[in-house]
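Undergrad: Mind having a look at this structure? Questions to follow.
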Amino acid sequence: MGFSLICITLFSRRRILLKLKYLWNMFIPAYYRNNDFSEISKFIEEHSFASLVSHLDGKPWATHIPLELETKVSGESILSGHISRANPQWKSFSNGESVLAIFQGPHSYVSSSWYNHVNVPTWNYIAVHVYGRMRILNDEEQYAKLKAMVDRYEKIATNPIDMDKLPADMMEKYMKGIVGFEMSMDKVEGKWKMSQNRDEEDKLAIIAELEKLNEVNASLVAAEMKSMYK
């Protein structure tokens, strides 16, 4: 391959990556958009199991993992986590392209038979998209963040695990098998689709019907709507 062709190929790839950076967005009508970062942060902490999406060899790649929201000494908010070293997605973290983390909250079908007029059914839900870039952690940083995550989630256990007390050889092998990272939060989008475009009568009817279903997600959506409209 000639030098000129190589330059053109590299330039084209760079242009494609730059386009991808700005193409990633979530469709959010104005009445569903949530710009309250404190509310979005609380949502991320409560729904920390995310879908991490990037491009690898020109193809979309997704991994489902817990991500931790942190505030650094500088005041900057970041996400941190780790994936298996056997998962090739980590190789895309250092190529400078934007990465997307998707956090999904409660969701439920909404029947239009609950409205005071003829209309089509829909779906109510909450979702947050975070766009940023990756920094791969060194061993010390990776261990500290992993320990903090384990300590947080082990609170549910009667006899919680202490990573510092696990066999050293086992931990050494485990640490070599994962890749830890920090993700910047360059852009954050929150979508709270909770029937904001309906009148008060419809909203109250939707809440009442969702509560009748006695289903986890429906109850959570109803509770969220109550907090917004009552």
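The values are calculated or read from the model by the stated rules, or taken from the named source; none is laboratory data. Source: prediction; values computed, not measured. All Cβ positions, even for glycine, are placed from backbone atoms using ideal geometry, and neighbour counts span all protein chains on display.
Undergrad: Are there helices (runs of 4 or more DSSP H) fully within segment 120-213 with at least 1 residues that are more than 30 Å from Leu100 (Cα to Cα)? List them.
TA: So the answer is 168-176, 200-212.
Undergrad: Out of the residues in segment 78-91 that are of a type outside the set (A, V, I, L, M) and surrounded by 17 or more Cβ atoms within 10 Å (Cβ to Cβ), which is farthest from Lys145 (Cα to Cα)?
TA: In this case the residue turns out to be Gln89.
Undergrad: Tally up the residues in segment 40-57 that are over 16 Å from Leu100 (Cβ atoms) and at pLDDT below 95, please.
TA: Result for segment 40-57: 1.
Undergrad: Tally time: how many residues in segment 164-208 are within 18 Å of Ser84 (Cβ to Cβ) and out of contact with any strand residue (DSSP E or B) (no Cβ under 7 Å at 6 or more places or on another chain)?
TA: The qualifying residues number 7.
Undergrad: Which of (1) of a type in the set (Asp, Glu); (2) in a loop (DSSP other than H, G, I, E, B); (3) exposed (fewer than 15 other Cβ atoms within 10 Å of the Cβ) is the odd one out, the single condition Glu97 does not satisfy?
TA: With respect to (1) of a type in the set (Asp, Glu); (2) in a loop (DSSP other than H, G, I, E, B); (3) exposed (fewer than 15 other Cβ atoms within 10 Å of the Cβ), Glu97 is out only on (3).
Undergrad: Something else now. Could you list, in sequence order, the residues of segment 110-119 that are surrounded by 14 or more Cβ atoms within 10 Å (Cβ to Cβ), over 30 Å from the mean Cα position of the chain (by Cα) and not in a loop (DSSP other than H, G, I, E, B)?
TA: Trp114
Undergrad: Regarding segment 165-177, can at least one residue be identified that is touching a residue at least 60 places away in the same chain (Cβ under 8 Å) and not hydroxyl-bearing (Ser, Thr, Tyr)?
TA: Yes; the residues of segment 165-177 include at least one that is touching a residue at least 60 places away in the same chain (Cβ under 8 Å) and not hydroxyl-bearing (Ser, Thr, Tyr).
Undergrad: For Ser12, state whether it is of a type outside the set (Val, Ile, Thr), surrounded by 13 or more Cβ atoms within 10 Å (Cβ to Cβ) and modelled with pLDDT under 90.
TA: Spelling it out, it is not the case that Ser12 is of a type outside the set (Val, Ile, Thr), surrounded by 13 or more Cβ atoms within 10 Å (Cβ to Cβ) and modelled with pLDDT under 90.
Undergrad: Here's something else I'd like to know. Among Ala144, Ala127, Ala86, Ala148, which is without any contact (Cβ under 8 Å) to a residue 24 or more places away in the chain and aliphatic (A, V, I, L, M)?
TA: Every option except Ala144 fails the conditions.
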